[in-house]
Ligand SMILES: [Zn+2]
């Protein structure tokens, strides 16, 4: 099969790789219908995470089950499935509490590289969610978005305790931030403030449900959010970047007693204890337990209530994956979809 491999910073090649096979009896092998480049792949691509050997890339996927191991009972060949970047048994005490991305048996699905024509998925029964049937082609980008960016934005909103009567602010206008806006609307937020400086992203945020746009960043952005909330700050703030500035912007935009849901992978974030102490802000975040939300998200996509696939503004054949990375690295694209 063909698959994307990162050889060195900024050197992505799509090459011939071994077909994945069932290794454990709980595995499935799926034929990928669509995959994509993640903002987090750029940490490797830019050389910020060191790449020491050729590394298969990609951890977002959906497709049709080709083969299952002897102990797989609920997932069957021919089903169209979506799963998260962490495989989980969905039955241990941590999974049952809703934290499948910390499952005691978790495995990183992306180890096999989902930017490929096929993928081995461990713990298939616990990890994969089947759609009611084979989806129409136009639903595939949205189902793919559920695999990571929608699920991550959704967790950010849930961790920030978004709900009816609440004002929500979202820091970050990448795919995750934009889909946190969509999730906040689905969860019934009254008012949604998207923080973005880019016109095309502001527009999409508004289409996803943002009621206000704040273009300022840092302390000025915080002041603007306070202006919009009677000087109090938002009830719920989603942090979807992962830098020191964005994290402090999120915490300072939250009113006392409010909640921050942080889903940007932190790079060099150092929180000041004393400021946190006096802020009275709840902090909750981490790698999103996407599996918790998959049934609900897939259902809303299937019924065409939501269209998260609109975050893909570039579609390329898998063989042109390198251009997808370049376009996202240069911020020419929000998110690149790859068709095997
Ligand atoms: Zn588990």
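Odds and ends about this structure:
- Remark: 239, 199 ranked as 199, 239, counting other beta-carbon atoms within 10 Å and listing the fewest first.
- Chain lengthening between residue 190 and residue 51 when straightened (0.36 nm per residue, less Cα-Cα): 45.6 nm
- Förster-model FRET efficiency, 25 Å R0, residue 43 and residue 315, C-beta, rounded to 0.05: 0.60
- Counted by neighbouring Cβ atoms within 10 Å, the residues 331, 50 run from fewest to most as 50, 331.
- Between residue 203 and residue 299, the modelled label-to-label distance comes to 3.4 nm, taking each label 7 Å out from Cα in the direction of the beta carbon.
- Averaging over all projection directions, the Cα-based convex hull of region 153-285 occupies 6.6 nm² in the image plane.
- Exposure proxy order (Cβ contacts within 10 Å, fewest to most) of 201, 13: 13, 201
- From the alpha carbon centroid of region 177-207 to that of region 65-106 is 30 Å.
- Computed E for residue 108/residue 284 - FRET, C-beta separation, R0 25 angstrom, nearest 0.05: 0.65
- Inter-centroid distance (Cα atoms) of region 221-258 relative to region 19-43, Å: 36
- Among 303, 203, 166: highest mean-square fluctuation, GNM of the chain, C-alpha pairs under 10 Å: 303
- Additional length obtainable on full extension of the chain from residue 244 to residue 331, 0.36 nm per residue less Cα span: 29.3 nm
- Within the chain, helix-based [θ] at 222 nm, where runs of 4 or more DSSP H residues each add -39,500 (n - 2.57), nearest 500: -8500 deg cm²/dmol
- Top of 46, 291, 120 by mean-square fluctuation, Gaussian network on the chain, Cα under 10 Å: 46
- Antiparallel %, DSSP beta bridges [both residues in the chain], to 5: 55
- The angle between the Cα long axis of helix 175-186 and the longest principal axis of the Cα atoms of the chain comes to about 70 degrees, rounded to the nearest 10.
- Build a GNM of the chain with springs between Cα atoms under 10 Å apart, and of 170, 72, 149 the one that fluctuates most is 72.
- Computed over the Cα atoms of region 79-121, pair by distinct pair, the Kirkwood hydrodynamic radius stands at 11.1 angstrom.
- Remark: relative contact order (region 153-285) = 27 percent; criterion is Cα-Cα distance under 8 angstrom and separation of 6 or more residues.
- Applying 1/(1 + (r/R0)^6) with R0 = 45 Å to the Cβ-Cβ distance of residue 276 and residue 19 gives a FRET efficiency near 0.35.
- Cα-only Debye scattering, the chain: base-10 log of I(q)/I(0) at q = 0.09 Å⁻¹: -0.45
Bear in mind these aren't lab numbers, they're just calculated from the coordinates by the rules spelled out. In this text the structure is predicted, and so the values were computed from the model without any measurement. For neighbour counting, all protein chains shown are included, and Cβ atoms are generated from backbone atoms with ideal geometry for every residue, glycine included.
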